[in-house]
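Heads up, the thing below is written out as structure tokens.
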Amino acid sequence: MITKQIIKKTQRRFSAAVCLGIVLLSASGEISAQDIVDDIVDDQAAPAQADRDYSFSEVVTESVTGDVYSDKAAANWQDLSYSNLFSKGWDKPWVSPPNGGGGAPRQGWLNSYDGVFYRLGIAIFGWQHDLTNNGDGYTGNLSNYTPLNQRFEITTEIPVTSNRGAFGSDSQTNFGDFRISPRIILSESKNVTQSFGVIFRTPTGDVFNGNHVAAITPQYQFWANSWKGLVVRGGAGFTMPYSGDLNRTGARSTFDANLAVGYYFTPHDFTPIGDMVWFVSTNLSQPIDNRAVNSNTFVSLTPGFRIHLGQNWFLHGAVEVPVTSPASYDYQVLGGIMKVY
């Protein structure tokens, strides 16, 4: 009996002390009743949000059409690693990943490997000066990036080409070879993203323009930012044509590599020159088959820029200059208009 009375007195004193402490803190302005309520609500809501189970259709729908750029969505981003490649991220909607450790956004550049996932569409125009010593060539490409969950994305490309071909005197404009690329995130942290994808090229274009080739291109890609606005990205892979007009187009099996370095100078909302980045991208292509007598290495440098115009519209520009010879063109001017949605 005495023990029970002591326990009850202790409980009453503890409760009174807690209440007194809260009153004193409230009076001093350190804490308010609303703060206490908010903390309790947050503590109860956070686990529920993080542990929410999504159906397959919910994951895809949220990834493709959901608000993936809000602060609420950002709370659902999570680190991904090689160790949980097959167990984490597949059942969660994609959300726009955070800026890197240095504060640079995860964005794409012309003529550079992506490395990261996006949800956007971009139209790119190219002008190739003196293509194959037979006049200028023109290219257009409509690309769409569609993430389906935090690990998986589909990229599609619809190209258009216009040139005189290798020996023609009149130019032709035709659709090029349609490409589709499934991609997966190998690992992603705040500072680094690593991905792997396979580009499937289909022979839908016309051989006159150097198309009608079927090929597969597996690629490893990365993106990194840990110091201020400096971003380093790149990767490597192989292009392996296996069907189509291989002889007439001169298609070769090649080892391909890319390394690009850029620096961001302005914040996102500093429109119409927000997210201003200037970069230089280096591309290498080395034939690895015996389909021709010569196997000349191709290397090019592409200085370029990207800016945020406003309302998630972006302008791209670049000039690719081959630094090895022979090259199929003197230089190539690239421009792009992009919408993030």
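A compact table of results
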| quantity | calculated |
| --- | --- |
| All positions within region 283-337 that are under 30 Å from P267 (Cβ atoms) and of a type in the set (G, A, S) | G304, G310, G317, A318, G335, G336 |
| Residue list for region 154-176, filter: more than 19 Å from S328 (Cβ to Cβ) and either in a strand (DSSP E or B) or touching a residue at least 60 places away in the same chain (Cβ under 8 Å) (or both) | I154, T155, T156, E157, I158, F175 |
| Criterion (in contact with a strand residue (DSSP E or B) (Cβ under 7 Å, 6 or more places away or on another chain) and closer than 21 Å to I180 by Cβ) met by exactly one of V160, V59 | V160 |
| Any hit, region 282-304, residues being of a type in the set (A, V, I, L, M, F, W, C) and within 18 Å of the chain's Cα centre (by Cα) | no |
| Hits in region 118-138 (condition: in contact with a Gly (Cβ under 7 Å, 6 or more places away or on another chain), within 27 Å of S195 (Cα to Cα) and either in a strand (DSSP E or B) or modelled with pLDDT under 95 (or both)) | I122, A123, I124, F125 |
| Pick from region 177-205, criterion assigned to a strand (DSSP E or B) and β-branched (V, I, T), ranking: nearest to A104 (Cα to Cα) | V192 |
| Residue within region 151-159 that is surrounded by 16 or more Cβ atoms within 10 Å (Cβ to Cβ), modelled with pLDDT of 95 or more, over 23 Å from the mean Cα position of the chain (by Cα) and farther than 27 Å from A224 by Cα present | no |
| Selection from region 321-341 of residues that are under 23 Å from N294 (Cα atoms) and in contact (Cβ under 8 Å) with a residue 60 or more places away in the chain | S328, Y329, D330, Y331 |
| Test for H316: is it at negative phi and buried (at least 16 other Cβ atoms within 10 Å of the Cβ) | yes |
| Among (1) in contact with a helix residue (DSSP H, G or I) (Cβ under 7 Å, 6 or more places away or on another chain); (2) under 23 Å from D91 (Cα atoms), the one test that G165 misses | (2) |
| Strands (runs of 3 or more DSSP E) within region 213-328 that include 1 or more residues among the acidic types (D, E) | 254-264, 274-287, 313-322 |
| Candidate set from region 329-341 (those that are part of a loop (DSSP other than H, G, I, E, B) and within 24 Å of D256 (Cα to Cα)); member that is nearest to the chain's Cα centre (by Cα) | Y331 |
| Pairs where the first residue, in region 142-153, is free of Cβ contacts under 8 Å to residues at least 40 places away in the same chain and the second is part of a strand (DSSP E or B) and not polar (S, T, N, Q), C-beta under 6 Å, 6+ apart | L142/A123; L142/I158; S143/I122; S143/E157; N144/G121; Y145/L120 |
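Table: residues versus (1) among the small types (G, A, S); (2) more than 16 Å from R252 (Cβ to Cβ); (3) at pLDDT below 95.
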{"site": "A166", "(1), (2), (3)": "yes, no, yes"}
{"site": "F175", "(1), (2), (3)": "no, yes, no"}
{"site": "F178", "(1), (2), (3)": "no, yes, no"}
{"site": "L186", "(1), (2), (3)": "no, yes, no"}
{"site": "V192", "(1), (2), (3)": "no, yes, no"}
{"site": "S195", "(1), (2), (3)": "yes, yes, no"}
{"site": "G210", "(1), (2), (3)": "yes, no, yes"}
{"site": "T217", "(1), (2), (3)": "no, no, no"}
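Here's the yes/no breakdown for (1) of a type in the set (D, E, K, R); (2) farther than 21 Å from I185 by Cα; (3) in the same structural domain as G310 (by TED's automatic domain parsing):
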position: G210; (1), (2), (3): no, yes, yes
position: Q221; (1), (2), (3): no, no, yes
position: G229; (1), (2), (3): no, yes, yes
position: F238; (1), (2), (3): no, no, yes
position: R248; (1), (2), (3): yes, yes, yes
position: T254; (1), (2), (3): no, yes, yes
position: P272; (1), (2), (3): no, yes, yes
position: L284; (1), (2), (3): no, yes, yes
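The values are calculated or read from the model by the stated rules, or taken from the named source; none is laboratory data. Please read these numbers as outputs of a predicted model, since none were measured by experiment. Virtual Cβ from ideal backbone geometry, glycine too; neighbours counted across all protein chains shown.
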